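The values are calculated or read from the model by the stated rules, or taken from the named source; none is laboratory data. None of the values given here were measured: they were computed from a predicted structure. No Cβ is skipped: glycine too gets one built from the backbone with ideal geometry, and neighbour counts run over all protein chains shown. With ligands, DNA and RNA removed, areas are computed over all heavy atoms of the protein, side chains included. Shrake-Rupley method; radii C 1.70, N 1.55, O 1.52, S 1.80 Å.
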Amino acid sequence: MKSKSFQNKLAVVTGAGSGIGRALVLDLVLRGCDVAACDVQQQALEETVALAVGSGKARAYCFDVADRAAFYQHADRIRGDFGQPANLIINNAGVGLGARVREMRWEDFEWLMGINFWGVCYGTQAFLPQLIESGDGHVVNVSSIYGMISGPLTSAYNAAKFAVRGYTESLRIEMLAEKLPVQVSCVHPGGIRTNIAKSSRLDAGAGMDRADFDKWFSRITLTSPEKAAAIIINGIRHNRPRILVGPDAHLIDAMQRTLGIRYQWLAGALLNPLMFGKSSAPQSRPVAAAQPPAAAMPARPAPGAAKKTSRAGAGRAKSAGRAQAEAENDAG
Ligand SMILES: NC(=O)c1ccc[n+]([C@@H]2O[C@H](COP(=O)([O-])OP(=O)(O)OC[C@H]3O[C@@H](n4cnc5c(N)ncnc54)[C@H](O)[C@@H]3O)[C@@H](O)[C@H]2O)c1
């Protein structure tokens, strides 16, 4: 099959202010592609645009991908500014969150889903009409190797990245079934040396501090953002449905397919010591389960709740734990 050219095409890249997104913009402009570079951070975005040199041109668009209306306005604006429909959207913007399920704050969970999952869906659906109209469209959604396996402390991230994979693969099947001129790729990077750990939220009860978290991240990142961008662009050129980025992504993919659900044992055995040092059984903060907002609190106590609270001292310990967790959260 003839590989795709980017010359005189129009690409939209989200999360273009840093890491993989920035590297994608620089690479695409070099290949003669015009790029609408999007990010929520104006200054970082402008730096990317200033660095982008080539026969294509890059323009900066600052908005929040978690804002559906803003994404649709953005699609109209780009159509007008460039005078042509977009050929390619790379939904790349993403953030991280380290938190145990039983303690995770809803606001953190929803913040992450808004960017990593809904942002991807908004971008896909706002631009699909233009991609179809272009006659040569391509949707590229960035999931993760954590869209194939799960790890400790990453439940929200895993949920979003598994969801991106499901949504993207379904879209591909639809485009094929309807014979629409849109290719669809789902990207699964392994560890890439970017700013994602620094901008991640880390719950006070995660059992590791910011320095440990950064150290852990630097241990698991094998690939540069430039190399990641080159692999992704090569995958797009060859219309690959699944683009694995980095040797670790290939290894984990093979492990997951070989072991099936038993990968969870291996992931725990490898990831717990990597994340928590020698102690593979991290100490939790003394905290009750994360509480839903008052309006969403169940009317009846959950089964077994009465039994638990009847234990001597448990109620007192629970309130003390909750107070401490709230104080930690307020401080963080
Ligand atoms: N770095 C890794 O190891 C790794 C591994 C697997 C998947 N990924 C995924 O790759 C993608 C890119 O991440 P990265 O590693 O380059 O991170 P990064 O932090 O270097 O870049 C992410 C960019 O997204 C932007 N962004 C964040 N929230 C936004 C919002 N609401 N609206 C618009 N832009 C927003 C940030 O400002 C930043 O410029 C993410 O989806 C991430 O989940 C990264």
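If I go through the range 114-125 residue by residue, how many of them are open to solvent by 20 Å² or more (accessible area, probe 1.4 Å) and of a type in the set (A, V, I, L, M, F, W, C)? Residues in the range 114-125 being open to solvent by 20 Å² or more (accessible area, probe 1.4 Å) and of a type in the set (A, V, I, L, M, F, W, C): 3 in total. Do you know which of the residues in the range 126-146 that are surrounded by 19 or more Cβ atoms within 10 Å (Cβ to Cβ) and assigned to a loop (DSSP other than H, G, I, E, B) is farthest from the ligand (Cβ to nearest atom)? If we take residues in the range 126-146 being surrounded by 19 or more Cβ atoms within 10 Å (Cβ to Cβ) and assigned to a loop (DSSP other than H, G, I, E, B), then S143 is farthest from the ligand (Cβ to nearest atom). Give the number of residues within the range 147-162 that are out of contact with any Cys (no Cβ under 9 Å at 6 or more places or on another chain) and open to solvent by less than 30 Å² (accessible area, probe 1.4 Å). Of the residues in that region, 9 qualify. Looking only at residues in the range 191-230 that are open to solvent by less than 10 Å² (accessible area, probe 1.4 Å) and away from the ligand (no atom under 11 Å from the Cβ), the one that is modelled with the highest pLDDT is D203.
Note on the range 1-81: enclosed strands (runs of 3 or more DSSP E) holding 3 or more residues that are buried (at least 22 other Cβ atoms within 10 Å of the Cβ) and in contact with a Ser or Thr (Cβ under 8 Å, 6 or more places away or on another chain) are 34-39. Per this entry, A267 is not counted among residues that are open to solvent by less than 60 Å² (accessible area, probe 1.4 Å), assigned to a helix (DSSP H, G or I) and at pLDDT 95 or above. Residues of the range 154-179 that are assigned to a helix (DSSP H, G or I) and among the polar types (S, T, N, Q): S155, N158, T168, S170. The number of residues in the range 231-246 being in a helix (DSSP H, G or I), open to solvent by 10 Å² or more (accessible area, probe 1.4 Å) and away from the ligand (no atom under 14 Å from the Cβ) comes to 2. I'd like to check something: does the range 103-126 contain any residue that is touching a Cys at 6+ places or on another chain (Cβ under 8 Å), modelled with pLDDT of 95 or more and closer than 26 Å to P225 by Cα? No - not one qualifying residue is present in the range 103-126. Of all residues in the range 14-29, none satisfies being more than 10 Å from the ligand (Cβ to nearest atom), in contact (Cβ under 8 Å) with a residue 60 or more places away in the chain and of a type in the set (K, R).
Looking at the range 55-84, which of its residues are of a type in the set (D, E) and within 14 Å of the ligand (Cβ to nearest atom)? Within the range 55-84, D64, D67 meet the criteria.
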